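Take a look at the structure set out below.
The values are calculated or read from the model by the stated rules, or taken from the named source; none is laboratory data. Predicted model, so just to flag it, every value in this text is computed and none were measured. Note: ideal-geometry Cβ built from the backbone for every residue, glycine included; neighbour counts use all protein chains shown.
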Amino acid sequence: MYTKIMTHEAYMQAAIEVAKQTRTQGGTAIGAVLVSNKTGEIIASGGSSVGITHDPTSHAEVTCIRNASRMLSTDNLCDCTIYSTLEPCMMCLSAATWARIPKVYFGAYRKDVDASLFDIKGFVSDERQATRMNLREDAQMQVHGGILEAECAQLLQGYHDHIEAA
Ligand SMILES: [Zn+2]
């Protein structure tokens, strides 16, 4: 089978494009893509459409997972890797776990963006916490951040001013 595995940076760049597109549609500039580990192809994408759909669960990663699952008619995405421009929250990591996605790569860390984006106190996940989550005994999720960190953080600059004005 023809494979075209790209670098982490190239996939993150694709997620950045999704984030930009989402912003032009009225969403928040956060994007995610799901990649097949077998072919290297981007199977699905999703942006943070909370502001458009008024669905508080439609974060970029969840939207991406929903799109992929619907398209492939499966809830098992164990052969896939997800890339997100922003450190996933606990809900998104949990969604990835339910979808059996073993690897999660993200761009900007929480610390890089406006605090109002992570205004939930307490147990928000990061790489270490994600490893500890270990929701499935058979597969420990791997989470790595910092891919094109500055570019991903840049997307969300002025986020707070934006919501204040809205
Ligand atoms: Zn989330």
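Just a few scattered comments:
- The listed residue being touching a Ser or Thr at 6+ places or on another chain (Cβ under 6 Å) and among the small types (Gly, Ala, Ser), out of 69, 58, 36, 45: 58
- Count of residues meeting criterion [of a type in the set (Ser, Thr, Tyr) and within 16 Å of the ligand (Cβ to nearest atom)] in the range 59-77: 1
- Criterion violated by residue 137 - all others in (1) outside any helix (DSSP H, G or I); (2) modelled with pLDDT under 90; (3) within 27 Å of residue 14 (Cβ to Cβ) satisfied: (3)
- All positions within the range 78-90 that are within 9 Å of the ligand (Cβ to nearest atom) and more than 19 Å from residue 20 (Cα to Cα): 89, 90
- Within the range 91-104, considering residues that are touching a residue at least 40 places away in the same chain (Cβ under 8 Å) and of a type in the set (A, V, I, L, M), the one farthest from the ligand (Cβ to nearest atom): 101
- Number of the condition not met by residue 46 [criteria: (1) in a helix (DSSP H, G or I); (2) modelled with pLDDT of 95 or more; (3) within 16 Å of the ligand (Cβ to nearest atom); (4) farther than 17 Å from residue 147 by Cβ]: (1)
- Residues in the range 4-47 that are in contact (Cβ under 8 Å) with a residue 24 or more places away in the chain and charged (D, E, K, R): 4, 9, 20, 23, 38, 41.
- Just so you know, in the range 24-43 the residues that are away from the ligand (no atom under 16 Å from the Cβ) and not in a strand (DSSP E or B) include one that is nearest to residue 81 (Cα to Cα), and it is 37.
- Residue check for residue 116: touching a strand residue (DSSP E or B) at 6+ places or on another chain (Cβ under 8 Å), within 15 Å of the ligand (Cβ to nearest atom) and either in a helix (DSSP H, G or I) or within 25 Å of residue 5 (Cβ to Cβ) (or both): no
- Checking residue 131 against (1) assigned to a helix (DSSP H, G or I); (2) at pLDDT 80 or above; (3) under 21 Å from residue 79 (Cα atoms), the condition it does not meet: (2)
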